[in-house]
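These notes are about the structure you will find just below.
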């Protein structure tokens, strides 16, 4: 948990994404509905839109609860009087960036801690520990953990729901309180589906596990011989009962935490239907050296190779070894089913973004841990028992220090961390879309330095995503025009200084990371 926080908190006040601005506005609407007693406002969808035809990420309820909590905290600190709450929420444009990033990082670290605790018994201490440490030390996940968005939540909640379901079905062995795990699976899946519709990526894996449990029950020697009686016994059996508990708890969680669905179900269902269409719309990507609106099915795995740490990437070599050595057990099969299920959804969707693969990385980390246990576990445990504590402690300190050092070194630019084993950022630049959440802050510092903090001396131009020229505000006499070109602008072909104005613009500076030009500063000086 501490390692996860260490990576996420380093950019708490110096990180932002375009989508975070959207979630800030949605949280303000959600908070307004809460404090004014208007549950219809408690939704991500704009309540002033005439219809629900616009496609946005839905439901996003867990993310908006975080934003709402931060907003209310700020308001209570400002003025604890109850009658001042509504006015305060109305006045605040967005929750404080640093505060909301800290809360997101803390919640995701707690989810990782809970996931590790849940996996210790079924996966084994060694496998669960390796998986959790790999996850905590991934800069890619550290960046997502602190982001005011949905992707880290959906990754951890999906895995928690899945492991809890498998434990409730006793797929790893007899459980003392299986109904408790069924309830936990319901809560986690309810929260996951409240976060994002892509939680349905868990459904195929869950169906396989439930089918497996039902098949075992069907073949029980004590089951009735007659087909009808056996079928009735199956419906009344422990598997069906635990599935019912999980579904019931998930539904209660879903409706209890989303008042907007209760107050205005028709509108929310329409918004959800429009949100589901995002999977068909595609998304502009830079993939393998060229622009693509619909990358191939293996996009997530390809990008994930670049986003992993070298040790996780090396750990991929362990995954097929249990198959080759015929040591596969239920743990390996269960996790592989989870990864395959999520891959199916990601592969079929036309909209592909690197952060969507976070859920795969969580599953892969635990599969690496289980694979290591299956191949080297017996040797490692026997070696550990025979090795003196005099050697174990220094080795653990060296490994731990190295991991912490790497986390600190990569944390400041976790959103543009790329696997050193594959060439790092310099190689990724020509393969996958590179976006840096620190770009606006670095650009602002450069502009403040050049113009001595006087923003009236310049206007900043922005590229149009589909257009062929820059869009610049009207200038007044003496104002420069400035274009801060990002690496993603170049990758997506948005180098849009008009040819007729080419001689008017000067490349005055750049910002480089690992020898790669992340930002390029262009200025059209006032005549």
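Name the residue, out of 348, 422, 314, 374, that is more than 30 Å from residue 275 (Cα to Cα) and surrounded by fewer than 14 Cβ atoms within 10 Å (Cβ to Cβ). Break it down stepwise before answering.
Values: 348 fails: more than 30 Å from residue 275 (Cα to Cα); 422 fails: surrounded by fewer than 14 Cβ atoms within 10 Å (Cβ to Cβ); 374 fails: surrounded by fewer than 14 Cβ atoms within 10 Å (Cβ to Cβ).
Matching residue, one of 348, 422, 314, 374: 314.
Looking across the range 168-180, just one residue is over 17 Å from residue 204 (Cβ atoms) and surrounded by 24 or more Cβ atoms within 10 Å (Cβ to Cβ), and that is 168.
Within the set 328, 303, the sole residue that is in contact with a strand residue (DSSP E or B) (Cβ under 8 Å, 6 or more places away or on another chain), within 28 Å of residue 128 (Cβ to Cβ) and either crowded, with 16+ Cβ neighbours inside 10 Å or without any contact (Cβ under 8 Å) to a residue 24 or more places away in the chain (or both) turns out to be 303. Is at least one residue of the range 491-506 in the same structural domain as residue 447 (by TED's automatic domain parsing), more than 22 Å from residue 353 (Cα to Cα), within 27 Å of the chain's Cα centre (by Cα) and exposed (fewer than 13 other Cβ atoms within 10 Å of the Cβ)? So far as the range 491-506 goes, no, none of its residues is in the same structural domain as residue 447 (by TED's automatic domain parsing), more than 22 Å from residue 353 (Cα to Cα), within 27 Å of the chain's Cα centre (by Cα) and exposed (fewer than 13 other Cβ atoms within 10 Å of the Cβ).
Taking the conditions exactly as written (farther than 18 Å from residue 144 by Cα and touching a residue at least 60 places away in the same chain (Cβ under 8 Å)), does residue 74 satisfy them or not?
Details: farther than 18 Å from residue 144 by Cα: yes; touching a residue at least 60 places away in the same chain (Cβ under 8 Å): no.
No, not satisfied.
The helices (runs of 4 or more DSSP H) found entirely in the range 198-295 that carry 1 or more residues being closer than 16 Å to residue 162 by Cα, out of contact with any strand residue (DSSP E or B) (no Cβ under 6 Å at 6 or more places or on another chain) and free of Cβ contacts under 8 Å to residues at least 60 places away in the same chain are 203-218, 238-257.
So if I check each of 15, 99, 27, 8, which one is assigned to a loop (DSSP other than H, G, I, E, B), assigned by TED's automatic domain parsing to the domain that holds residue 270 and surrounded by 15 or more Cβ atoms within 10 Å (Cβ to Cβ)? Steps first, please.
Values: 99 fails: assigned to a loop (DSSP other than H, G, I, E, B); 27 fails: assigned to a loop (DSSP other than H, G, I, E, B); 8 fails: assigned to a loop (DSSP other than H, G, I, E, B).
Checking each option against the conditions leaves just 15.
Could you say which residue among 160, 56 is within 25 Å of the chain's Cα centre (by Cα) and modelled with pLDDT under 95? After ruling out the rest, the residue left standing is 56.
When restricted to residues that are surrounded by fewer than 19 Cβ atoms within 10 Å (Cβ to Cβ) and out of contact with any helix residue (DSSP H, G or I) (no Cβ under 7 Å at 6 or more places or on another chain), the range 252-271 contains 7. Residue count for the range 47-80 under the criterion of being loosely packed, with under 15 Cβ neighbours inside 10 Å and assigned by TED's automatic domain parsing to the domain that holds residue 187: the result is 6. Set side by side, the residues 415, 456 differ, and just one is closer than 22 Å to residue 149 by Cβ and in a helix (DSSP H, G or I), which is 415. Search the range 306-356 for residues being part of a helix (DSSP H, G or I), out of contact with any helix residue (DSSP H, G or I) (no Cβ under 6 Å at 6 or more places or on another chain) and farther than 28 Å from residue 207 by Cβ, and hand back the single one that is modelled with the lowest pLDDT. Of everything passing the filter in the range 306-356, 311 is modelled with the lowest pLDDT.
The values are calculated or read from the model by the stated rules, or taken from the named source; none is laboratory data. Everything numeric here is computed off the predicted structure, so don't read it as measured data. Using ideal geometry, Cβ is built from the backbone for each residue, glycine included, and neighbour counts are taken over all protein chains shown.
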